[in-house]
């Protein structure tokens with residue numbers, strides 16, 4: 001299935017039914033008085049988060065979602081039936097905003113969460129409501145109110161604890177295959193990842209976390225170059241970023257430190273909050289470096305990059321060093337959850 005994480009739709013709630021102006025006409029009951037019923041309420045449009053859905057593809061091709069109108073009132077004090085509501089099932093992590101005003105309508109972060117997108121119109125009043133001691137034969141009634149109509153932008157931001165960041169072919173997909181059951185495409189050419197992949201990392205029987213892999217970034221991504229800029233929003237909900245760096249590039253003219261700085265700069269240009277997230281370095285492909293040269297290569301990179309934060313050296317293809325990374329991540333996430341709970 002094609003992965004779609006953005007869509008624009010139009011939702012239209014149902015119109016309320018009109019009230020009725022009617023008078024009781026029954027044998028042996030002269031001057032029976034008004035008996036016009038109210039119109040029914042128009043149907044509303046709701047969104048509900050469903051963990052079994054992982055893409056917005058249905059809304060890319062079906063753009064108009066219209067609820068049922070309420071029925072008009074009838075004589076004999078009969079009220080019109082309300083219009084049926086419609087419920088739009090969306091992936092957990094969908095952010096819904098009004099396209100015209102930019103107002104946040106809903107942020108679906110939990111399975112089963114329900115949000116009102118467009119409210120149905122109220123039904124009109126029948127002439128039954130207008131009778132009084134001085135107005136015994138009212139002919140007044142009110143029309144039903146129109147339903148709310150709005151254009152909405154849907155954005156899916158996947159819910160993951162950890163996000164992977166790095167250049168194309170740095171080994172992000174290989175890493176997520178090594179530590180989880182996810183099986184993204186892996187090949188010896190860049191841009192093999194074309195959409196985000198999620199993997200559940202099982203640290204032990206009681207601990208697990210979700211990791212997200214997005215298409216690789218290139219310099220100029222914040223201005224729209226490459227693919228990764230389209231998916232940077234999926235890292236905005238993460239608690240920790242792992243910056244995967246290819247420490248043994250095939251091209252001897254490539255400078256890993258310069259490329260790593262370029263990726264960090266793209267983060268800063270795209271979103272200051274994303275740039276400020278905790279970030280760890282994961283130096284990949286150390287298996288391609290002779291054993292006696294590894295530490296010197298790592299030290300040279302860290303000095304050139306000016307990095308003083310946490311770092312790990314791994315070989316994702318063989319799994320070397322990956323256990324150390326996931327255990328450190330699990331402990332970090334536990335501390336973060338405990339701190340947020342106590343606060």
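Any chance the range 19-28 includes a residue that's more than 30 Å from residue 139 (Cβ to Cβ) and crowded, with 24+ Cβ neighbours inside 10 Å?
Just the residues of the range 19-28 that are more than 30 Å from residue 139 (Cβ to Cβ), to begin with: none.
Within the range 19-28, not a single residue is more than 30 Å from residue 139 (Cβ to Cβ) and crowded, with 24+ Cβ neighbours inside 10 Å.
Taking the options 249, 290, name whichever one is over 19 Å from residue 178 (Cβ atoms), over 27 Å from the mean Cα position of the chain (by Cα) and either modelled with pLDDT of 85 or more or not assigned by TED's automatic domain parsing to the domain that holds residue 214 (or both).
Working: 249 fails: either modelled with pLDDT of 85 or more or not assigned by TED's automatic domain parsing to the domain that holds residue 214 (or both).
Just a single option satisfies the conditions, and that option is 290.
Could you identify the single residue in 140, 122 that is part of a loop (DSSP other than H, G, I, E, B), crowded, with 17+ Cβ neighbours inside 10 Å and outside the structural domain of residue 330 (by TED's automatic domain parsing)? Let's see the steps before the verdict.
Numbers: 140 fails: crowded, with 17+ Cβ neighbours inside 10 Å.
It is 122.
Name the residues in the range 66-93 that are under 19 Å from the mean Cα position of the chain (by Cα) and modelled with pLDDT of 90 or more, would you?
Here is the first cut: in the range 66-93, the ones under 19 Å from the mean Cα position of the chain (by Cα) are 87-93.
Within the range 66-93, 87, 88, 89, 90 meet the criteria.
Of all residues in the range 57-75, which are farther than 18 Å from residue 119 by Cβ, part of a loop (DSSP other than H, G, I, E, B) and touching a strand residue (DSSP E or B) at 6+ places or on another chain (Cβ under 9 Å)?
62, 63, 75
The values are calculated or read from the model by the stated rules, or taken from the named source; none is laboratory data. This structure is a prediction, so every number in the text was calculated from the model and none was measured. Every residue, glycine among them, receives a Cβ derived from its backbone with ideal geometry; neighbour counts consider all protein chains shown.
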